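As structure tokens, the structure follows; a few thoughts come after it.
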Amino acid sequence: MAHSRPAIVSGARNAPPFLLDIPRRLLSIVPLVVLQPVLDRIATHVARSRPRLFARLGPHTDKRYLIDPVDLPFVLVLIPNSAQPFLKAFPRDGKVEYDAGIAGRFINLLTMIDASLDGDALFFTRDLRVVGDVEAVVALRNALDDCDGSIVDTITGAFGPLSGPAGLALSVVRRMTAGHRPV
Amino acid sequence: MSATEFHRPELVCPAGTPAAARAAVDAGADAVYCGLQNATNARNFPGLNFTEEEIAETADYVHGRGAKILLAVNTFPPAGKFDLWRGAIDLAVRRGIDAVIVADIGVAAYASSRYPALRMHLSVQAGASSPEAIRFYCEEFGVKRVVLPRMLTVSEIADIHRQIPCEIEAFVFGNIGMMAEGRCSLTNYATGVSTNMDGICSAAGDVHYDEDAAGNLTVRLGNFVLDRFGCNESAGYPTICKGRYSCSARTEPYYAFEEPVTLNLSALLPDLMRAGVTALKIEGRQRSRAYVKAVVAAFRKAVDDIGAGKEARLADLIALTEGYRETEGAFRSKTWR
């Protein structure tokens with residue numbers, strides 16, 4: 001018995017295309033060399049402010065996670081080591097080595113790590129793809145889900161003087177797409 | 001249904017992490033159930049569950065809001081490893097847990113003899129489905145509540161209720177789990193780790209996803225292919241019992257055991273309450289805070305509406321279901337498949 005993908009939307013699939021395209025349009029004009037210092041700051045800031053996250057990862061803190069926002073022009077590699085956190089952007093067409101990978105629309109990934117969208121539901125509807133070390137992915141998902149408050153706020157807090165505008169921009173996109181999500 | 005026809009049931013909700021426990025209580029849970037970060041519970045998954053310190057903090061939070069915290073110690077100790085389960089029971093008492101949920105008779109015997117005042121619930125993992133079996137646990141170990149297997153109709157539940165001296169807890173939402181709970185060895189056969197003794201169903205370390213260029217997804221557990229999903233098909237959990245298999249007697253691959261579908265008894269809530277169900281259980285300690293918040297809030301409102309004599313308005317939970325499908329399973333009919 002085959003199941004066809006249902007008409008009911010999951011995640012941001014049914015949001016108007018122009019909304020879903022906002023992150024790509026904004027981030028595609030940012031050179032990676034400009035983005036990288038921000039990513040460094042995000043990694044350090046999250047490591048400092050969310051120490052329990054790393055305890056939950058257990059043996060997976062030295063794994064290389066590929067985070068692939070499929071609608072953005074780059075991919076990210078994360079090594080969630082609390083002492084030396086690593087978050088780096090690579091061009092989408094380059095070769096990147098990793099142990100475990102998670103792929104999905106940027107807004108879905110963002111909303112999932114902020115605990116506003118259920119990862120299993122995204123997986124069931126094929127809006128989230130998992131490759132490589134599944135145990136490492138499950139551990140990261142559960143560790144992020146235990147973070148109190150908004151981890152996205154923590155991330156935008158790493159933007160320093162730009163954290164206000166960055167947070168505002170993200171909240172606008174999330175609010176506009178949230179009306180199109182069932183959960 | 002009038003408000004006087006039944007007692008207000010307790011809404012028992014899953015908590016895989018402290019944050020999920022807080023989300024459940026904030027959404028209206030009367031009780032949360034959780035487990036330790038080891039083999040003593042049946043959701044021993046990576047990154048999930050509680051340390052002793054987190055149990056203590058969560059107990060404070062839950063009790064401060066008038067709710068209860070239950071500890072699942074619901075796996076079966078292998079020979080020579082009983083100390084881990086004994087330690088879990090000791091921890092529950094030390095940290096003010098309101099009840100332990102047990103499955104193994106050795107664990108139940110230890111808890112009842114060492115801590116007679118500790119409230120004990122019989123886990124679904126014990127697979128007690130007859131009045132005789134349930135009465136045995138009540139008489140021997142002082143069990144106060146039984147979590148019934150998901151293989152009984154509502155009328156059978158009502159019949160059991162009339163013949164047992166303890167409360168009944170029934171699943172109302174989540175993984176259907178139609179296999180005989182506590183006796184499934186499929187994961188053990190394929191991977192060497194046990195759902196019942198290690199608390200690990202479909203060990204994530206043995207799960208492999210391979211998607212081809214066309215978007216077709218192949219799911220494997222160890223060396224076994226469980227399913228192949230076409231690019232437009234929704235997927236399910238990577239468990240053997242939800243797999244789709246080919247055999248010479250069938251022209252198409254078919255679900256040999258269960259199907260990827262989620263139990264949703266929201267429409268049967270009044271019937272369950274009339275049948276004598278004391279507590280309504282939501283499955284899903286492995287799910288996210290988003291799931292917990294949405295499902296708990298929906299059932300909180302439904303139960304409160306029914307209690308007020310109103311027709312329950314149930315939020316649409318289809319987006320959270322496995323395979324985008326819901327079922328009332330055996331609760332309505334034994335021939336539900």
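The values are calculated or read from the model by the stated rules, or taken from the named source; none is laboratory data. Treat the numbers as computed from the prediction; the structure is a model and nothing was measured. Areas reflect the complete protein model, heavy atoms only, side chains present, ligands, DNA and RNA absent. Shrake-Rupley method; radii C 1.70, N 1.55, O 1.52, S 1.80 Å.
Below is a table of values for the structure above.
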{"quantity": "Dimensions in Å of region B:224-286 - Rg and Dmax from alpha carbons", "calculated": "16.6, 47"}
{"quantity": "Reachable lysines, given that their alpha-carbon falls under 25 Å from the alpha-carbon of B:Lys293 and they are not under 8 places away in the same chain", "calculated": "B:Lys68, B:Lys281, B:Lys301, B:Lys310"}
{"quantity": "Phi to ³J(HN,Hα) by Karplus 6.51 cos²θ - 1.76 cosθ + 1.60 over region B:39-50, Hz, x for Gly, Pro", "calculated": "6, 6, 9, 7, 10, 7, 10, x, x, 9, 5, 10"}
{"quantity": "30 Å Cα-Cα reach of A:Lys95 towards lysines, excluding residues that sit fewer than 8 places from it in its own chain", "calculated": "A:Lys63"}
{"quantity": "Residues with amide H under 5 Å from that of B:Lys68, placed H, sequence gap 5 or more", "calculated": "B:Ala31, B:Val32"}
{"quantity": "Extension gain (nm, one decimal) between B:Tyr254 and B:Ser113, 0.36 nm per residue minus Cα-Cα", "calculated": "46.0 nm"}
{"quantity": "Hull volume in cubic angstrom per residue (convex hull over the Cα atoms of region B:197-255)", "calculated": "106 Å³"}
{"quantity": "Accessible area per residue in Å² at 1.4 Å probe, computed on the protein assembly as shown", "calculated": "41 Å²"}
{"quantity": "Proximal aspartates and glutamates relative to B:Lys334, as straight alpha-carbon distance under 13 Å, when same-chain residues fewer than 8 apart are discounted", "calculated": "B:Glu156"}
{"quantity": "Those residues of region B:290-337 for which accessible area with every protein chain present is at least 30 Å² below the isolated value (1.4 Å probe)", "calculated": "B:Ala290, B:Ala319, B:Leu320, B:Tyr324, B:Arg325"}
{"quantity": "Estimated buried accessible area (total), pair B and A, 1.4 Å, Å² to nearest 100", "calculated": "3700 Å²"}
{"quantity": "Dimensionless Rg ratio for chain B, taking C-alpha atoms and the 2.2 N^0.38 Å reference", "calculated": "0.98"}
{"quantity": "Built amide H within the under 5 Å cut-off of B:Tyr255, gap 5+", "calculated": "B:Tyr245"}
{"quantity": "Length added when fully stretched, A:Arg52-A:Ala83, from 0.36 nm per residue minus Cα-Cα", "calculated": "9.9 nm"}
{"quantity": "Under 5 Å, built H, 5+ apart or other chain: amide partners of B:Glu10", "calculated": "B:Ala279, B:Leu280"}
{"quantity": "Directionally averaged shadow of region B:264-330, computed from the convex hull of its alpha-carbon atoms, nm²", "calculated": "4.9 nm²"}
{"quantity": "If the convex hull is drawn through the Cα atoms of region B:1-139, its volume per residue in Å³", "calculated": "139 Å³"}
{"quantity": "Heavy-atom accessible area, 1.4 Å probe, ligands and nucleic acids excluded: residues of region A:94-137 down by at least 20 Å² from chain alone", "calculated": "A:Ala115, A:Asp118, A:Asp120, A:Ala121, A:Phe123, A:Phe124, A:Thr125, A:Arg126, A:Arg129, A:Val130, A:Val134, A:Glu135"}
{"quantity": "List of region B:233-255 residues, accessible area with partners at least 10 Å² below that of the chain alone (1.4 Å probe)", "calculated": "B:Glu233, B:Ser234, B:Ala235, B:Gly236, B:Tyr237, B:Arg244, B:Pro253, B:Tyr255"}
{"quantity": "Mean Cα-pair separation over length for chain B, i.e. relative contact order, pairs under 8 Å, 6 or more apart, %", "calculated": "22 percent"}
{"quantity": "Compactness of the protein assembly as shown - radius of gyration and Dmax, Cα, Å", "calculated": "23.1, 72"}
{"quantity": "Probe 1.4 Å - accessible area at A:Arg50, Å² to nearest ten", "calculated": "30 Å²"}
{"quantity": "Accessible-area composition of chain B, carbon plus sulfur, in percent [1.4 Å probe]", "calculated": "50 percent"}
